[in-house]
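K.L.:
Quick one: the structure is below, and I'll ask about it shortly.
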Amino acid sequence: MNYFDQKEPPRREARLGACIACGGTLNKLAKRKMTCCLPDGERSFTQNSICLLLPALGMMNSITNSVVLMHGAIGCGSSSHGGNAAVRSGNTHRWGVVKDATWLSTALSEHDVIGGGEEKLDGAIREIDERYSPQIIFVVSSCAPGIIGDDIDGVAQQLQPDIKARILPVHCEGFKTKIWASAYDAVYHAIGRTFLQEPSEANQVNRLEKPTINLMNVSSMGRVDEVELERLLDALGFGVNIFPIFTQPDKMAAITRAQLSVSTCPTHDDYLLQYLKEKYAIPYVLRHMPIGIENTGLWLRDVAKHFGLEQQTEQFIAAEEQELKVALAEFKPFFAGKKAFVSAGEFRALSTAILLAELGFEVVAVRSFHHDEFADSEYEKLMKVTAEEIPVNIANCQPFEEANLLRRIKPDLFLGHMNGNATAAKSGVATHVIYNVGLQYVGYKGAYELARRLYRQLQNPQFNRQLSRWLPLPYRSSWYEADPFTYIWKPEVE
Amino acid sequence: MSYYIERPRYSCALGGAMATVQALPRTIPILHAPPGCASNTAWTQAGGCGLQVGGYCGGLSMPGSNVQEREVVFGGAERLEEEVRNCLDIMDGDLYFILTSCVTEIIGDDVRAVVNQFQANGVSVISAETGGFKGNSYTGYDLVLSSIWDQFVPVAGQPVKGKVNLWGIPPFYDVFWRGNLAGLRQLLLSQGLEVNTFFTVDDSLEAIRQAGQAELNIVVSDVYGLGAAQYAWEKHGIPYLTSPLPVGPSASSEFIAAVGTALKLEKTTVDAAINNACRRYYQLLDPMTDCFNDLDLQRYTVIIGDANYAVAINRFFIEDLGWLPQLVVFTDIVNPEQQTQLAAKVARLPSGVQPKTIFSTDTNDIRRQVKEYWHSRQSSCGKYSNPLSPSFVIGSALDRELAKDIGAAHLSVSFPVANRAVIERGYAGFNGALRLIEDLISVIIIGR
């Protein structure tokens, strides 16, 4: 069955058996392939989390000449006030022009919830097409229309003949999945159904002369990271087509003319890359994340192997690694033996943990937002560079478990996602953000820049230390005595 | 009716409620909601609230039922009950505040039954029905305050002389909420009053619990928090006074006088206090007299703001600073009655300067209207022209493009404030107005 023939992509819980609730040690989890992490496993106490709407907006708000029409209550999408900073800087870095994102809301009222919101949506699309003249109108469904049964696909289909913009319905009902990485599927699905429907023969004639690679970026990398990967791929003789963030709608179909698609993170892109392979016969590489020294090499080797360029790639990697090794020598003694705790999306967390080990840190705990089979290999890699008994926690945030672990482990350094560093900060631990599109993380340059920032950060963690003296976390003292994984449902058989 | 709102300068009722409960002392919010509502608020705060996110239990630390399809189909009350029960074991708070969402309102979970069950066991837990579709963040603010008056504050037998409550400044969505509340609190304390402001670091749940003893509720807004004031009047018999957010000596003097009249304070004492505050304000301003005049710092202005700021800043500019507001744009969703009322607050000022009033929720529409007006006001004669220049746009971070269009300086004050860091800065009262002068002029002279 082709997923792209359906209105909505399947839930990742069903498609990948992805899960969000697990706690144990690295060796146990890795060797048993996360058997304690049951599909649809949960906690009997949970803190709030993220829904797929947020990362989806991060992608959609970046697309050139597009507007995002939220179909929902007036608050859905207000996160764009936060995301807008990345849109402004992203536009500046790519086109030299500051430009805000444009998002709109049908602002469903109580009356609409009772009577249905399709009429309002219809009116909004017509008016927006007229007033903003965008090339794309993303029509995004949030929870309320999902429950009352508004048919955004039907409205879009019916209106399209009258509308100049392409209407892309995107399903982001937050109550349908706890795996917010489903956001990538949701947006890819919408783009695929609208822009990538031409038969493959039409695209063959336009194959580009220089071997070109689709480099996937769903907004987990800033421009500065793209530049590093372009540098590496250019050195091997490849052209790069970055997709989908900040692309122009006219140029979306270029993705069907590349020789290879390369993901930087299997959590992001498998849904679309499989489609491109089936429909346009574009093979793909989706295995390693180019964060860390070893992993960047592995990532490059996968690409090179596809084109039979193994030998020159080995020389290139050796030269890069040598140069980096010399540069890092300044920091390594300072990092040696310092304990690091990492928390983020699964691949990001693991590859960053491995990089920290390469830099000389002792990795003492890892938390991943979810788990699916793609990451099994990363746990294996991590086990080779760190102790086998370290705690691993699969958690869609859940800072209460993190607070408990931090109290036990007392790391010197914590790397957490955006909005995920406050618990460690108030615990007095030096922190560094593991993902921020203004900073560099990827490739050899990224490894060096991260090391440089950690070197700076660790020289004076006094801000967080002082916070911890005066700001208690909102947990009872008894919680710190309890098993951090008390509230995770336990499987019958382990 | 418009079919949409462009870049709404607020979140939903739940978004406003979360921000409000986060600001209550030692309070644990518990969301009965799908997973994303909390992070949506955290990202909104990070981008719109002068870098202020959460507090004691904010961001992704807030407990929540994370409802999914299972709850949508079978109901979520049981899941909520489990969540609250475990929450009490883990989370350290003196008040637990359950907030509902679109999803749990539509499926009709009986949250009050869950609350009653825990209350019966002596747990300090209350709730508010804050489905996002009920309104914007200001509605959520009002709903939380109303719940406090309904479920947390006991009806007192007798009012205590000199005791007042003050609200009307929504936490986070007024980005300068801490400073504004603290400034007005200080103003009233100096009148010898006992003041409960709910959300500052100097407030406590104990004092909030005794809010029913007040002889007056003061709402410093023409729009926000009025529902709660009405409710407190009906249930607790506490009268209320509404005033626009007072910014600057003229408005603040009037505010003190109004409070004095409502509380029947000794007029000579009140007058002396006003006199004293004004003298102090101008003594502080005194050394800027030379430069203010020598640098020609008067500006034509566009004021773009929520119902509180648009009125307050316009009045301060016209009556105190001697600037020239040309357009006052209200970005809130307001009904025709409120429109008339707000427009009157802008129009009828003693000095007679009269800006044009616009009501628009959409950034691009505001930009278009302001540009049109600006261009229509450029008389010229040969090589001579008289545009509205020099000019200043005081609004939100979304109005930077507009400011560029008309060649004006710009300061973000009304939500979203993406490009400033705010801790306890405030613009209300006398001292607040001095802060505002500092900020405005610092923008103008930044290249000096």
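K.L.:
Looking only at helices (runs of 4 or more DSSP H) that lie completely in region B:51-107, which have at least 2 residues being surrounded by fewer than 22 Cβ atoms within 10 Å (Cβ to Cβ), within 7 Å of chain A (Cβ to nearest Cβ) and touching a residue at least 60 places away in the same chain (Cβ under 8 Å)?
P.N.:
none
K.L.:
Could you list, in sequence order, all residues of region A:108-128 that are more than 11 Å from every other protein chain (Cβ to nearest Cβ) and either outside any loop (DSSP other than H, G, I, E, B) or under 29 Å from the mean Cα position of the chain (by Cα) (or both)?
P.N.:
Correct list: A:Gly115, A:Glu118.
K.L.:
List the strands (runs of 3 or more DSSP E) inside region B:174-255, counting only whole elements, that have at least 3 residues being surrounded by fewer than 23 Cβ atoms within 10 Å (Cβ to Cβ) and in contact with a strand residue (DSSP E or B) (Cβ under 6 Å, 6 or more places away or on another chain).
P.N.:
Those strands (runs of 3 or more DSSP E) span B:240-242.
K.L.:
Can I ask one more? State the number of residues belonging to region B:14-49 that are surrounded by fewer than 24 Cβ atoms within 10 Å (Cβ to Cβ) and in a loop (DSSP other than H, G, I, E, B).
P.N.:
2
K.L.:
Return the residue satisfying two criteria in turn: it lies in region A:90-107 and is in contact with a helix residue (DSSP H, G or I) (Cβ under 8 Å, 6 or more places away or on another chain) and of a type in the set (Gly, Ala, Ser), and of such residues it is farthest from the other protein chains (Cβ to nearest Cβ).
P.N.:
Checked region A:90-107; the qualifying residue farthest from the other protein chains (Cβ to nearest Cβ) is A:Gly90.
K.L.:
Looking at A:Arg131 and the list (1) in a helix (DSSP H, G or I); (2) in contact (Cβ under 8 Å) with a residue 12 or more places away in the chain, which single condition is not satisfied?
P.N.:
Of (1) in a helix (DSSP H, G or I); (2) in contact (Cβ under 8 Å) with a residue 12 or more places away in the chain, only one is false for A:Arg131: (2).
K.L.:
Cβ-Cβ under 9 Å, sequence separation 6+ or interchain: first residue in region B:383-395 and part of a strand (DSSP E or B), partner among the basic types (Lys, Arg). Which pairs?
P.N.:
B:Asn386/B:Arg377; B:Ser391/B:Arg299; B:Phe392/B:Arg299; B:Val393/B:Arg400
K.L.:
Continuing with the same structure: Which helices (runs of 4 or more DSSP H) sit wholly inside region A:362-438 and have at least 1 residues that are away from chain B (no Cβ under 13 Å), under 20 Å from the mean Cα position of the chain (by Cα) and crowded, with 22+ Cβ neighbours inside 10 Å?
P.N.:
The qualifying helices (runs of 4 or more DSSP H) are A:376-385.
K.L.:
Let me ask another. Among the numbered criteria (1) touching a helix residue (DSSP H, G or I) at 6+ places or on another chain (Cβ under 8 Å); (2) outside any helix (DSSP H, G or I); (3) over 21 Å from A:Glu226 (Cα atoms), which one does A:Thr64 miss?
P.N.:
(3)
K.L.:
When only residues in region A:428-444 that are touching a strand residue (DSSP E or B) at 6+ places or on another chain (Cβ under 8 Å) and free of Cβ contacts under 8 Å to residues at least 60 places away in the same chain count, which is farthest from A:Lys410 (Cα to Cα)?
P.N.:
My answer is A:Val433.
K.L.:
What number goes with the only condition from (1) farther than 25 Å from B:Thr44 by Cβ; (2) within 12 Å of chain B (Cβ to nearest Cβ); (3) among the aromatic types (Phe, Trp, Tyr); (4) in contact (Cβ under 8 Å) with a residue 40 or more places away in the chain that A:Trp470 does not pass?
P.N.:
The failed condition is (4).
K.L.:
Ok, one more. Which members of region A:261-284 meet the condition of being surrounded by fewer than 20 Cβ atoms within 10 Å (Cβ to Cβ) and outside any helix (DSSP H, G or I)?
P.N.:
A:Ala281, A:Pro283
K.L.:
A further question follows. Do the conditions hold for B:Leu349, that is, is it in a loop (DSSP other than H, G, I, E, B), over 24 Å from B:Cys291 (Cα atoms) and either in contact with a Lys or Arg (Cβ under 9 Å, 6 or more places away or on another chain) or modelled with pLDDT of 95 or more (or both)?
P.N.:
Taking the combined requirement at face value, the residue satisfies it.
K.L.:
Which one of these is free of Cβ contacts under 8 Å to residues at least 12 places away in the same chain and either in the same structural domain as B:Ser221 (by TED's automatic domain parsing) or surrounded by 13 or more Cβ atoms within 10 Å (Cβ to Cβ) (or both): B:Arg279, B:Arg315?
P.N.:
Matching residue, one of B:Arg279, B:Arg315: B:Arg279.
K.L.:
Given the structure, is A:Lys251 in contact with a strand residue (DSSP E or B) (Cβ under 9 Å, 6 or more places away or on another chain), under 27 Å from A:Val187 (Cβ atoms), surrounded by fewer than 21 Cβ atoms within 10 Å (Cβ to Cβ) and without any contact (Cβ under 8 Å) to a residue 12 or more places away in the chain?
P.N.:
Yes, satisfied.
The values are calculated or read from the model by the stated rules, or taken from the named source; none is laboratory data. All values reported here derive from a predicted model rather than from experimental measurement. Don't worry about glycine lacking a Cβ; one is built from the backbone with ideal geometry, like all the others, and counts go over all protein chains shown.
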